[in-house]
1. Among (1) closer than 30 Å to residue 132 by Cβ; (2) within 16 Å of ligand 2 (Cβ to nearest atom); (3) out of contact with any strand residue (DSSP E or B) (no Cβ under 7 Å at 6 or more places or on another chain), which single condition is residue 87 missing?
2. Hey, does the range 53-74 have a residue that's out of contact with any strand residue (DSSP E or B) (no Cβ under 9 Å at 6 or more places or on another chain), within 15 Å of ligand 2 (Cβ to nearest atom), outside any strand (DSSP E or B) and in contact (Cβ under 8 Å) with a residue 40 or more places away in the chain?
3. Show the residue pairs meeting these rules: Cβ distance below 7 Å; 6+ apart or different chains; first residue within the range 79-97 and touching a residue at least 60 places away in the same chain (Cβ under 8 Å) and over 17 Å from residue 118 (Cα atoms); second residue in a loop (DSSP other than H, G, I, E, B) and away from ligand 1 (no atom under 13 Å from the Cβ).
4. Would you mind finding the one in 43, 87 that is within 16 Å of ligand 1 (Cβ to nearest atom) and either within 30 Å of residue 8 (Cα to Cα) or surrounded by 16 or more Cβ atoms within 10 Å (Cβ to Cβ) (or both)?
5. Does any residue in the range 105-126 that is touching a residue at least 24 places away in the same chain (Cβ under 8 Å) and within 19 Å of residue 62 (Cβ to Cβ) come within less than 7 Å, Cβ to Cβ, of a residue that is within 14 Å of ligand 2 (Cβ to nearest atom) and in a loop (DSSP other than H, G, I, E, B) six or more places away or on a different chain, and which pairs are these?
6. What number of residues within the range 90-130 satisfy the criterion of being more than 21 Å from the chain's Cα centre (by Cα), surrounded by 10 or more Cβ atoms within 10 Å (Cβ to Cβ) and at pLDDT 85 or above?
Ligand SMILES: [Zn+2]
Ligand SMILES: [Zn+2]
């Protein structure tokens with residue numbers, strides 16, 4: 001994959017790519033932890049640099065739901081969307097709506113050639129909606 005993207009293959013790049021692959025939607029901190037468990041001491045800056053190189057090469061996709069830190073995933077190029085829990089921040093993948101990517105057919109494309117739509121569905125994950133239903137006072141916790 002790295003070779004195909006004309007990026008030099010380095011151990012940190014491989015380690016970061018496999019960390020992102022194994023931990024979809026992980027934030028930078030979790031990726032650093034995984035990479036360190038694999039390679040030993042690696043600086044934050046090194047991991048940031050690798051993440052931005054991989055993102056620029058489209059091997060990794062960066063998403064940043066409102067109120068969340070940046071998160072990374074190795075599932076790229078399929079125009080999938082995300083559902084995010086308002087309460088705990090859990091993120092899951094949602095395949096593009098059925099059919100030939102209808103979300104790419106903008107009601108007004110303003111003359112742009114559109115190749116991607118980034119949709120975030122917001123709501124409550126099953127755990128959080130159960131908690132809300134059984135004890136609404138829990139809503140007061142931040
Ligand atoms: Zn939740
Ligand atoms: Zn995803």
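The values are calculated or read from the model by the stated rules, or taken from the named source; none is laboratory data. Owing to the predicted nature of the structure, the values given are computational and were not obtained by experimental measurement. Methodologically, a virtual Cβ is constructed for each residue, glycine included, from the backbone with ideal geometry; neighbour enumeration extends over all protein chains shown.
1. Just one mismatch for residue 87, condition (2).
2. yes
3. From the range 79-97, no pairs qualify.
4. Details: 43 fails: within 16 Å of ligand 1 (Cβ to nearest atom).
Unique residue meeting the criteria: 87.
5. 116/79; 117/79; 120/65
6. Number of matching residues: 3.
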